[in-house]
Amino acid sequence: MSPDGTPDFPLARHFAELLGRLGATAEVQDLAAILMTRVADGHSCLTLEAALLAPEAQASLDGSPVLGAPGDFRPLILDGHRLYLYRFWQYETRLAAALLKRAADLPEVDEERLGAGLLRHFPLPAGDQGMGLGDQRLAAAVAVLRRLAVISGGPGTGKTTTVLGVLALLLEQDPLRPPRIALTAPTGKAATRLADALRAGRQRLDLPPLLAGAIPDEAQTLHRLLGYHPERGFAHDADHPLPMDVVVVDEASMVGLALMEALLRALPAHARLILLGDRDQLASVEAGAVLAEICAAPAGPRPAFAARLSALTGLPVGGAGEGPLADCMVHLRHSYRFAAGGSIGRLARALQQGDAGAALGILEAEAIWQPLPAEQGLASALVEVVRAGWKEYFRALQREVEPARIHAAWERFRLLSALRQGPWGAEVLNAVLDARLARAPRRGGHYHGRPVIIRQNDGALGLFNGDVGLTLAGAGQLRVFFPGREGFRAFAPERLPAHESAWVMTVHQSQGSEFDDILLLLPDADNPVLSRELLYTAVTRARRGVRLWGAEAALRGALARRMARDSGLEARLWSSP
Ligand SMILES: Nc1ncnc2c1ncn2[C@@H]1O[C@H](COP(=O)(O)OP(=O)(O)OP(=O)(O)O)[C@@H](O)[C@H]1O
């Protein structure tokens, strides 16, 4: 938005002009431009309260030729107090209907076999006293008993472990006709992590090798699974459904409204959909907060399904949920990665629960948070942090020739920024670090040791937005090495699509990855982008240590703010008809 409140987003202006030619009044044009800008910011719609409409604008909506009611075919749709672009209204209503239908439509299950399998694949340590140690078994039962399962949990709660057990249970249901399984995630990096984790865990499954062989080795991005083409769209849709019986989506919090709708449209009616993710993380970059909205009802399953789950799993299950979707949710509570009393675990829990006081207490008492260094000392302070955090990386750059070893050292640490732009944003901080760290830079700013992040997909090169590579010198030339399934791929820096330095990444860019240690940089003042979800996402990227630099106002602002996205999905899914 420009300072006077009018959208400065060219597409929004063009859209408003087009509506003008179709007979929209100036008020409706303004509203349309604001709506378009909001969608670009991740909202699915504009709630009229949020638009603070003047009475004359409200009046001009009535009878506008570009505005319709649900069911009309007009550029803008007003559904109750929510104003949508037609396409987004369609995504949202179709997605809600598809999820509710899938939730209500039950597959046939051999419960005796399932019950025995649950005890075998999900043994419980003795003395589980409501610590959440039985959650994985419950989640697995849900994923087999229903065509939709949403398994949410923080880092290390065993989402991948659970899904492996689920696949084993499904394979055992009918060993002669093993289901066709697709493993997917929204980004290439997340897909690789999922495949690696499942490959590693498959060995430990109590399954005959022939059956275990039906679990795929590879995972692919959702776009790839759906056969996306920039001009032709998705190859798979309702008329060309996916040839799959089970689709597992990891990092589902990163999937936006449009992509989730495309997936559900392409999924055959009989298939099982298993969504894995962390409902407390930042939502997708694209419009929507789909996972959080699906997981919005906290009341547990409906009483009858709770009783069935309890009988099958041998665990106490309560629930007062309503509607079939309530039976499809499981939240994994116990982290197998963080000690419950460790600072990352406690901080994550305080942020999840929205307990700003407790979070601040931990940040202060354990010296995780410190104020920003003075601006004149910033560059030196940053360089010091980089040199200490990546000590082994800098050593490897001098001594190692093997990209894999250098890369392993690089992966230990990350410097994250809450913002992309502005004096404390990733762009400026990367420029500061480039200036200090580059030795003998070449044309285009390339130098030995420079980490780069790709900003634009290039299907031909197989490089995608968010891929991180390391620039390494060898045999008199610089090449950028990207990790891949079959080792490293090296590119001359000049061939790379749009890219930038990656000393500092935004929290959004770090989603779907984990590191031993992170340092999060918040700006010198509060900013509307800062939220509890952003802090939670950053903190849970770390396995071992987390530090935070930022002004107290920024920290307090982030702790106080919930990321809210205008959308009608939650109401469509959870309000009783
Ligand atoms: N029931 C369990 N008993 C013991 N260890 C477990 C159990 N479940 C998971 N783990 C261990 O906890 C770690 C994290 O598990 P897993 O990778 O399945 O979690 P995740 O939720 O998928 O994690 P991520 O945060 O990486 O997405 C792994 O080392 C796994 O072996």
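For the reader, a short list of remarks on this structure follows.
- Residue match in the stretch 461-471 (condition: away from the ligand (no atom under 16 Å from the Cβ), under 19 Å from the mean Cα position of the chain (by Cα) and acidic (Asp, Glu)): yes
- Looking only at the stretch 496-512, and only at residues there that are part of a loop (DSSP other than H, G, I, E, B) and within 16 Å of the ligand (Cβ to nearest atom), the one that is surrounded by the most Cβ atoms within 10 Å (Cβ to Cβ): Gln511
- Among the residues of the stretch 446-459, those that are open to solvent by less than 30 Å² (accessible area, probe 1.4 Å) and either out of contact with any helix residue (DSSP H, G or I) (no Cβ under 6 Å at 6 or more places or on another chain) or among the hydrophobic types (A, V, I, L, M, F, W, C) (or both) comprise Tyr447, Arg450, Pro451, Val452, Ile453, Ile454.
- Looking across the stretch 280-304, just one residue is outside any loop (DSSP other than H, G, I, E, B), free of Cβ contacts under 8 Å to residues at least 60 places away in the same chain and touching a Gly at 6+ places or on another chain (Cβ under 8 Å), and that is Pro303.
- Extreme residue, farthest from Asp516 (Cα to Cα), among residues of the stretch 392-426 that are acidic (Asp, Glu) and open to solvent by less than 80 Å² (accessible area, probe 1.4 Å): Glu400
- Selection count, the stretch 175-196, where residues are touching a residue at least 12 places away in the same chain (Cβ under 8 Å), open to solvent by 10 Å² or more (accessible area, probe 1.4 Å) and either hydroxyl-bearing (Ser, Thr, Tyr) or part of a loop (DSSP other than H, G, I, E, B) (or both): 7
- Identification of helices (runs of 4 or more DSSP H) wholly contained in the stretch 368-457 with 1 or more residues that are in contact with a Lys or Arg (Cβ under 7 Å, 6 or more places away or on another chain) yields 378-389, 391-399, 426-437.
- Qualifying residue in the stretch 338-347 (condition: within 15 Å of the ligand (Cβ to nearest atom) and open to solvent by 40 Å² or more (accessible area, probe 1.4 Å)): yes
- Look at (1) open to solvent by 10 Å² or more (accessible area, probe 1.4 Å); (2) farther than 30 Å from Glu17 by Cα; (3) free of Cβ contacts under 8 Å to residues at least 60 places away in the same chain and you find that Thr160 fails only one, number (3).
- Only listed residue being of a type in the set (Gly, Ala, Ser), open to solvent by 20 Å² or more (accessible area, probe 1.4 Å) and more than 16 Å from the ligand (Cβ to nearest atom), chosen from Ala97, Ala103, Ala126: Ala97
- Looking only at residues in the stretch 287-337 that are open to solvent by 70 Å² or more (accessible area, probe 1.4 Å) and among the charged types (D, E, K, R), the one that is farthest from the chain's Cα centre (by Cα) is Arg308.
- Residue match in the stretch 134-144 (condition: assigned to a loop (DSSP other than H, G, I, E, B) and either surrounded by fewer than 20 Cβ atoms within 10 Å (Cβ to Cβ) or more than 9 Å from the ligand (Cβ to nearest atom) (or both)): yes
- Output for the stretch 145-168, where each listed residue is more than 8 Å from the ligand (Cβ to nearest atom) and outside any helix (DSSP H, G or I): Arg146, Arg147, Leu148, Ala149, Val150, Ile151, Ser152
- Residue that is nearest to the chain's Cα centre (by Cα) [pool: residues in the stretch 240-286 that are farther than 23 Å from Gln352 by Cα and among the charged types (D, E, K, R)]: Glu261
The values are calculated or read from the model by the stated rules, or taken from the named source; none is laboratory data. Bear in mind that the values here come from a model prediction, so they are computed numbers and not experimental data. Positions of Cβ are backbone-derived with ideal geometry, glycine not excepted, and every protein chain shown enters the neighbour counts. Surface accessibility is based on the protein's heavy atoms, side chains included, excluding ligands, DNA and RNA. Shrake-Rupley method; radii C 1.70, N 1.55, O 1.52, S 1.80 Å.
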